[in-house]
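Take a look at the structure set out below.
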Amino acid sequence: MSKKVFVVTGGSSGIGLAVIRKLIEEPSYHVISFSRSQEKIERALLELGEIPQNLKFYEGDVCNENDCHRFSDFAKKNHNFINGLVNAAGVLTQGGIENINFIQWKYNLDVNLNGPYLFTQNLLSMLKAAKGASIVNVSSIASLRPGRSVAYSVSKAGLDMLTEYLAGELAQYKIRVNSVNPGFIRTNIHIDNQIVSTNEEYEAMAAEIARRNPLGRAGEANEVADLIMFLLNDKSSWITGSIFKIDGGTLIENDFLPIQKKS
Ligand SMILES: NC(=O)c1ccc[n+]([C@@H]2O[C@H](COP(=O)([O-])OP(=O)(O)OC[C@H]3O[C@@H](n4cnc5c(N)ncnc54)[C@H](OP(=O)(O)O)[C@@H]3O)[C@@H](O)[C@H]2O)c1
């Protein structure tokens, strides 16, 4: 029986790494992570403990055409098809039009929107060859309301439309495409992208977000990975073009917060 092949961009950290952890539990799966820095790959390897036989970390940038071509050649040499692609690589620059310069604007759009487009396009023939593949784009609730970063929100809103467009276009090849849109999740993204610089600042930010969240806490990468696994799986075989909020209720419009505990 042929083995299934899964590719996860941004697999060296946070949500991508949480998906990788779940995928490698199945020894018959081939799992490939695609991300830029060796430093984060080493951090991930430390977290994983030992290098699993069925996992490969490949170095590359999702918005670099040469890197995407190179990866596509590598994938074609080693595999006949790709069953699942998770576009989880992402960056975040905080601020509005008065704070974010054009270079930062383009960087967010490049990694979060052009990257998934370019990377998916390069792997398309291998996704078609699976005769039943699933693409999951990791978007954000910032795509559904303005949030705190103009560039990030616009990039993720574009990504949601890319999901819907590709779901329609690629259905003829039995490729499903969905978006997962998390609220605040505890990962390295806020520290690695200099949104906060100390653990104290991070915890203060997480506490403030938890205070405004109906379930009263931040989310975990593991919880987002569970939803992504469902969308990669045949159990979601009739779901395509859908945008899934996973935010502990953050976007519910309400006037009952902060939550009053009954005595
Ligand atoms: N954490 C949250 O609160 C949250 C909320 C909503 C949505 N999200 C989304 O979830 C996704 C994952 O975020 P996370 O929180 O897990 O972030 P993270 O821990 O910072 O991980 C981001 C991953 O993306 C990779 N990456 C970044 N730019 C890349 C590029 N140009 N090419 C290839 N890989 C690249 C990083 O590795 P390198 O830097 O080494 O390349 C890293 O592996 C992102 O799309 C993010 O927007 C996160």
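The values are calculated or read from the model by the stated rules, or taken from the named source; none is laboratory data. Here the structure is a predicted model, which means the values were calculated and not measured. Reconstructed Cβ throughout: ideal geometry from the backbone, glycine too, with neighbour counts over all protein chains shown. For the accessible areas, the whole protein counts, side chains as well, though only heavy atoms, and no ligand, DNA or RNA atoms are used. Shrake-Rupley method; radii C 1.70, N 1.55, O 1.52, S 1.80 Å.
Couple of notes before you dig in:
- Ellipsoid fit via the Cα gyration tensor, the stretch 42-178: semi-axes of 27, 20, 14 Å, each the root of five times an eigenvalue, largest first.
- Over all other residues within a Cβ to Cβ distance under 9 Å of S139, the charged ones net out to 0, with Lys and Arg as +1 and Asp and Glu as -1.
- Among the protein heavy atoms of the stretch 137-263, carbon and sulfur supply 54% of the accessible surface, probe 1.4 Å, non-protein parts ignored.
- Residues whose amide H comes within less than 5 Å of that of V86, counting only those at least five positions distant or on another chain, are V7, V8, T9, V136 (H built at 1.01 Å from N in the peptide plane).
- Cα-based convex hull volume of the chain per residue, rounded to whole Å³: 149 Å³
- Computed about the Cα centre, the dipole magnitude for the stretch 61-169 is approximately 260 debye when only Lys and Arg (+1) and Asp and Glu (-1) carry charge, each at its Cβ.
- Size estimate for the stretch 134-185 follows the Kirkwood approach: the inverse of mean 1/r over distinct Cα pairs works out to 11.3 Å.
- Rounded accessible area per residue of the chain, 1.4 Å, Å²: 52 Å²
- Ranked packing of 132-138, 85-91, most packed first, by mean Cβ within 10 Å: 85-91, 132-138
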